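Following: one structure in structure tokens, then a few remarks.
The values are calculated or read from the model by the stated rules, or taken from the named source; none is laboratory data. From a predicted model like this one, the values you see are computed outputs, not experimental measurements. For neighbour counting, all protein chains shown are included, and Cβ atoms are generated from backbone atoms with ideal geometry for every residue, glycine included.
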Amino acid sequence: MAGLHAFTWLCTLIICTMQVSSMPTPCRLQRRLIEGSYNYLDKMGDRLPLHCLEGTVPVPFPETAFLFNTSEQVIALEKTIYLTLTHISSLFNEEGTPEHWKNLEVFENIIDRQIEENQCIMNKVLDSQENFLQREKALKEYFDKISTVLKEKDFQVCGWEIVRKEVLITLQFILNKDLDGVLISTKG
């Protein structure tokens with residue numbers, strides 16, 4: 001009987017450990033979710049038609065918002081990526097997204113999941129608030145310009161394709177950076 005009790009206890013311990021290890025890590029952005037967001041967005045439509053670029057002012061990507069070279073800037077970068085995700089979510093909450101886009105809801109769910117699971121990032125304390133405020137301003141200007149393009153294109157397919165192109169650039173930039181200590185890699 002003692003062997004059965006020990007076996008039951010061991011099985012319970014293994015199941016609990018598996019549950020805890022499969023739970024999301026709070027306050028840690030997950031590389032696989034950002035990759036998933038990128039992949040769904042990339043496969044959502046075709047290449048940007050050239051006629052969509054007519055009359056559009058280029059929207060320069062705010063690369064400086066994502067620069068970091070010291071461990072003290074890791075929190076600022078985490079907050080920058082978190083804010084980027086919230087801006088992306090806001091863009092895609094606009095009315096009129098193309099009906100022919102495949103898996104838009106899955107893309108939005110992944111973005112929203114990252115935002116929900118990582119709200120605590122914004123509570124982390126920075127050594128220098130000034131650095132983050134500059135990043136925040138650059139991001140706001142960038143996404144405001146993208147939103148303006150969408151409005152100028154009357155929320156039509158061309159406007160949405162430009163939004164998609166810009167968000168792909170943003171997600172790809174985040175994924176291509178060496179973000180050791182910022183994005184965690186998890187299985188599953």
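In region 137-148, the residues that are within 13 Å of VAL57 (Cα to Cα) reach residues that are surrounded by 14 or more Cβ atoms within 10 Å (Cβ to Cβ) and of a type outside the set (Ser, Thr, Tyr) with C-beta atoms within less than 6 angstrom, at least six apart or across chains, in these pairs: TYR142/PRO62; LYS145/VAL59; ILE146/VAL59; ILE146/VAL163; ILE146/GLU166. Is it the case that some residue within region 134-144 is of a type in the set (Ser, Thr, Tyr), buried (at least 18 other Cβ atoms within 10 Å of the Cβ) and more than 18 Å from MET44 (Cβ to Cβ)? The answer is yes, given that some residue of region 134-144 is of a type in the set (Ser, Thr, Tyr), buried (at least 18 other Cβ atoms within 10 Å of the Cβ) and more than 18 Å from MET44 (Cβ to Cβ).
If you go through region 101-118, how many residues are in contact (Cβ under 8 Å) with a residue 24 or more places away in the chain and either more than 21 Å from LYS151 (Cβ to Cβ) or within 11 Å of the chain's Cα centre (by Cα) (or both)?
Residues meeting the conditions: 11.
For region 90-102, the tally of residues that are in a helix (DSSP H, G or I), surrounded by 15 or more Cβ atoms within 10 Å (Cβ to Cβ) and among the polar types (S, T, N, Q) stands at 0. Just to be sure before I move on: is LYS165 at pLDDT below 95, touching a Leu at 6+ places or on another chain (Cβ under 9 Å), surrounded by 13 or more Cβ atoms within 10 Å (Cβ to Cβ) and of a type in the set (D, E, K, R) in the structure I sent? It is true that LYS165 is at pLDDT below 95, touching a Leu at 6+ places or on another chain (Cβ under 9 Å), surrounded by 13 or more Cβ atoms within 10 Å (Cβ to Cβ) and of a type in the set (D, E, K, R). Restricting region 51-77 to residues that are hydrophobic (A, V, I, L, M, F, W, C), closer than 14 Å to SER128 by Cβ and in a helix (DSSP H, G or I) leaves a set whose member that is modelled with the lowest pLDDT is VAL74.
GLY36 falls short on exactly one of the conditions (1) under 20 Å from TYR142 (Cα atoms); (2) surrounded by 14 or more Cβ atoms within 10 Å (Cβ to Cβ); (3) modelled with pLDDT of 90 or more, and that condition is (1).
Residues in region 149-172 that are within 24 Å of THR64 (Cβ to Cβ) and either free of Cβ contacts under 8 Å to residues at least 40 places away in the same chain or among the aliphatic types (A, V, I, L, M) (or both): how many?
Our first condition is that a residue be within 24 Å of THR64 (Cβ to Cβ); within region 149-172, this holds for 149-150, 162-172.
Those still in the list that are either free of Cβ contacts under 8 Å to residues at least 40 places away in the same chain or among the aliphatic types (A, V, I, L, M) (or both) too: 149-150, 162-163, 167-169, 171.
Number satisfying all stated conditions: 8.
Is one or more of the residues making up region 46-57 at negative phi and touching a Phe, Trp or Tyr at 6+ places or on another chain (Cβ under 6 Å)? Step through it out loud before you land on a result.
In the first step, residues of region 46-57 are kept if they are at negative phi; the result is 46-54, 56-57.
Now restrict to residues that are touching a Phe, Trp or Tyr at 6+ places or on another chain (Cβ under 6 Å): none.
Looking for residues that are at negative phi and touching a Phe, Trp or Tyr at 6+ places or on another chain (Cβ under 6 Å), one finds none in region 46-57, hence no.
Against the list (1) buried (at least 21 other Cβ atoms within 10 Å of the Cβ); (2) of a type in the set (Lys, Arg); (3) closer than 19 Å to ARG31 by Cα, the condition ARG113 fails is (1).
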